[in-house]
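Quick note: the coordinates plus some simple rules give every number you see, no bench work behind them. Since we're looking at a predicted model, the values are computed, not measured. As a convention, Cβ positions derive from the backbone with ideal geometry for all residues, glycine included, and neighbour counts pool all protein chains shown.
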Amino acid sequence: MSKVIAVANQKGGVGKTTSAVNIAAWLGAKGKKTLLIDIDPQGNSTSGVGFDRRTLKTTSYDILINGAKGEDAVLETKFEKLSLIPSKADLAAAEIELADLNGRESVLKKALAPLRTEFDYIIIDCPPSLGLITTNALNASDSVLIPVQCEYYALEGLSQLMSSVQAVKRRYNDRLELEGVLLTMYDGRLNLTQQVVTEIKKYFPRKVFATVIPRTVRLSEAPSYGQPILYYDKSNKGCIAYGALVDEILKKNR
Ligand code: ATP
Ligand code: MG
């Protein structure tokens, strides 16, 4: 059975996609058969692993709305042991269309059930909202990984996110747990960064990953080449950090 991890934070631009893509790529490279699922209409994970959003056939939208099977949407990437369920902009309509469906909170969970025996890890890149799409991801997951950007308003919205996680756990998915909080875009030269890190650790005792992801231009360049950092610049410090993070995750889930 695979371990399913949702990468979620309703705040935009905190490093969800960068983390989902690079964690998934490293898991694959470390020998784990991995499925990355893009359920953000922006489709950034999809393009981040080299797919052109305009040429996609079956996407996560078709799973959520059209009753498509999970296995029919899986694409092989060029990268080691890494598959993708892609997304494109029509998923934006799904938030509204889902509202009318029976069992609307469990569509993704049902579609993924047959895939859980196929993959070691399934990583879900969530959109920056707490609507039905994210609820579907949390319901389908064993754990949630929360990227938090090391900046002044980092803690803003986290209590709302944690209440959503609690609500899904209570109503639909009592197995759901917090995989960990990941500090992203870390810049140790800034005093502010240190203060934010201290605060986040106080807010999430023992739940903050020891590995922090540094701010590095190479991590932001890699998606424009359709490559995870591991295939774009494997000696980059951001790449090494995501590798160390994946070691932490693997150790925890052994
Ligand atoms: P959204 O909420 O829009 O989906 P997101 O949470 O998925 O955003 P990303 O797209 O991963 O966030 O990151 C936001 C921006 O910051 C992107 O341009 C990305 O390339 C850049 N970025 C992410 N992590 C880093 C990093 N460690 N160093 C430098 N740039 C980064
Ligand atoms: Mg994103």
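With the biggest extent put first, the Cα atoms of the chain measure 50, 39, 33 Å across the principal axes. Expressed to the nearest 5 percent, the antiparallel share of DSSP beta bridges inside the chain is 5 percent. Across region 163-254, the mean sequence separation of Cα contacts (distance under 8 Å, 6 or more residues apart), normalised by length, yields a relative contact order of 24 percent. Each pair of Cα atoms in region 154-254 enters the Kirkwood radius, and Stokes-Einstein at 10 °C and 1.306 mPa s then converts it into a translational diffusion coefficient of 103 µm²/s. Each peptide in 99-109, 56-66 was scored by the mean count of other Cβ atoms within 10 Å over its residues; highest first, the order is 56-66, 99-109. Note on LYS69: lysines with a C-alpha under 26 Å away, same-chain residues under 8 apart excluded, are LYS3, LYS16, LYS32, LYS33, LYS57, LYS78, LYS81, LYS88, LYS109, LYS110, LYS169.
Using only side-chain charges placed at the Cβ, +1 for Lys and Arg and -1 for Asp and Glu, the dipole size of region 132-230 relative to its Cα centre rounds to 220 debye. For the chain, adding -39500 (n - 2.57) for each run of n ≥ 4 DSSP H residues and dividing by the number of residues yields -11000 deg cm²/dmol at 222 nm.
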